[in-house]
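Right, one structure below, let's go through it.
Any read-out appearing in this document is the output of simple, stated calculations on the displayed coordinates, not a laboratory observation. All of these numbers come straight from a predicted model, not from anything done at the bench. Positions of Cβ are backbone-derived with ideal geometry, glycine not excepted, and every protein chain shown enters the neighbour counts.
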Amino acid sequence: MKNPMPQHNLPKYFQLESGQILLGASLYYEVLGEISDDKEVVWVCHAFTGSATVKDWWPSLFLENGGFIDLEKNVVICANMLGSCYGSTGPDSVNPETNKVYGNSFPNLNNRDAVRAFIDLRKALNISKIDYLIGGSLGGQQALEWSILEPEVIENQILVASNAKHSSWGIAFNELQRQAIELGENGNEEKKQKALSLARSIAMLSYRGYDDFETNQNGKIEQGDWKVSSYLKYQGKKFNGRFSINSYKVLSKMMDAHNIAESRGNNLTAVLSSIKTKTLCIGIDSDNLFPIEEQRFMSEYIPNAIIEVITSTKGHDAFLIEGNLISQFIQKHLINTLYEEI
Ligand SMILES: CC(=O)SCCNC(=O)CCNC(=O)[C@H](O)C(C)(C)COP(=O)(O)OP(=O)(O)OC[C@H]1O[C@@H](n2cnc3c(N)ncnc32)[C@H](O)[C@@H]1OP(=O)(O)O
Ligand SMILES: N[C@@H](CCO)C(=O)O
């Protein structure tokens, strides 16, 4: 069942970490099931190009597809993050001060801003406890931030293919993608979309990896092109029209800026050690964007944490593809041991 009122207005003057004010911003969100005292709350933080419609892109988390979410027992909430292009305020929105689309004038956001907006929505929905906060990749970065901002609210968190501070390697990939986008910025719409395609194709090198390409994209297609070349072109083209160039820049910079120790003493291990929430870190053995060492690091320092590893050739994107395994790990460590110490 979908909530009939999926738009939440943030405070008129929404203060950002940068000191800037976002005026008249709102969040698009979806609620699956009913919010009530007898339902456990599952709050999902979506990844970079995801949206609030969690069942569309993470169907494997739901019971009917073999997952852990049973809408008889759970209510699921997912809000589109600030800066994105799927319903919440972002760079393609109209700036109420100028009545013009923000575009490049949209303020820089970080994960703390995104989470503070979620917190405002949580309060408006009268939710005092989140039983399972789950996020992958950028969504995992936000979940981690949230567990630090509201330790009393977040009971369990599941951080999938994510990290505590974005790596130089990850920033390098995002930088290349932004440079690709800039190549088309002064051109016509076709040029802009071609540049966005190139950015997505570059990103695919970090979302997949050596084994996936050797297994699934080896050799040539009938027309003589390398299979992998055709795959990258296809993935790039498939992205056109689905995502906003402006949001791509805002959200990739948001990911780059992720650092839970920022303005908290700059000591990552100390901040991780202060986390109270029960934490399940899940990594993927072939992830070359958020390598398994990053999840090991978090699980080593978060006091009440455990780690599980997905064996997959799919690389980083396995966090979306292997949802059933994620569900199994959640059932094993959190649901079946909810009232026991990990
Ligand atoms: C609107 C919203 O709500 S946003 C929701 C949608 N997106 C998201 O949530 C973002 C997260 N999702 C994703 O990133 C992706 O969808 C994933 C990771 C879950 C799955 O990625 P996919 O592209 O489906 O997987 P995969 O790498 O196997 O590629 C399959 C596609 O490539 C095509 N393909 C495979 N090999 C080749 C090749 N050599 N040449 C050309 N095309 C190829 C397949 O035909 C298939 O095409 P299709 O998508 O039209 O069916
Ligand atoms: N496939 C994911 C990768 C980033 O986590 C996305 O497009 O959001």
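Data for the structure
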item	result
Share antiparallel - DSSP beta bridges, the chain, percent rounded to 5	35
Charge dipole (debye, nearest 20) of the chain; +1 at Cβ of Lys and Arg, -1 at Cβ of Asp and Glu	960
Dipole of the chain, positive direction: furthest Cα of Leu183, Leu334, Tyr132, with charges on the beta-carbon	Leu183
Residue-averaged [θ]222 nm for the chain, counting only DSSP H segments that reach four residues, each worth -39500 (n - 2.57)	-11000 deg cm²/dmol
Where GluC sites (Glu not before Pro) fall in DSSP loop in the range 49-107, at most 14 other Cβ within 10 Å	Glu72, Glu97
Extension gain, Trp169 back to Lys233 (0.36 nm per residue minus Cα-Cα distance, nm)	20.7 nm
Ranked list, fewest to most other Cβ atoms within 10 Å of each Cβ, for Lys100, Lys233	Lys100, Lys233
Partner aspartates and glutamates for Lys12 [C-alpha distance under 18 Å; skip if fewer than 8 residues away on the same chain]	Glu97, Asp113, Asp120
At 1.002 mPa s and 20 °C, Stokes D of the chain from Kirkwood alpha-carbon radius, µm² per second	104
Extension gain from Arg178 to Glu17, taking 0.36 nm per residue of separation minus the Cα-Cα distance	55.7 nm
Size of electric dipole in the range 210-342: Cβ of Lys, Arg +1 and of Asp, Glu -1, about Cα centre, debye, nearest 20	620
For the chain, with +1 on Lys and Arg beta carbons and -1 on Asp and Glu, the positive-most of Leu144, Thr311, Ile21 along the dipole	Ile21
Gain on full stretching of the segment that runs from Asn266 to Gln328 - 0.36 nm per residue minus C-alpha separation	18.8 nm
For the range 165-279: rounded, prolate or oblate by the Cα gyration tensor [a/c cutoff 1.5]	oblate
29 Å Cα-Cα reach of Lys191 towards lysines, excluding residues that sit fewer than 8 places from it in its own chain	Lys100, Lys220, Lys227, Lys233, Lys237, Lys238, Lys249, Lys253
Most mobile listed residue (Gln142, Gln157, Gln328) in the chain, GNM with C-alpha springs under 10 Å	Gln328
Most mobile listed residue (Asn304, Asn174, Asn266) in the chain, GNM with C-alpha springs under 10 Å	Asn266
Test item: Cα-centred dipole of the range 43-126, Lys/Arg +1 and Asp/Glu -1 on Cβ, debye	240
Local electrostatic count, Gly209, Cβ distance below 12 Å [Lys/Arg +1, Asp/Glu -1]	-4
Contact order relative to length of the chain, as percent, for alpha carbon pairs under 8 angstrom and 6 or more apart	17
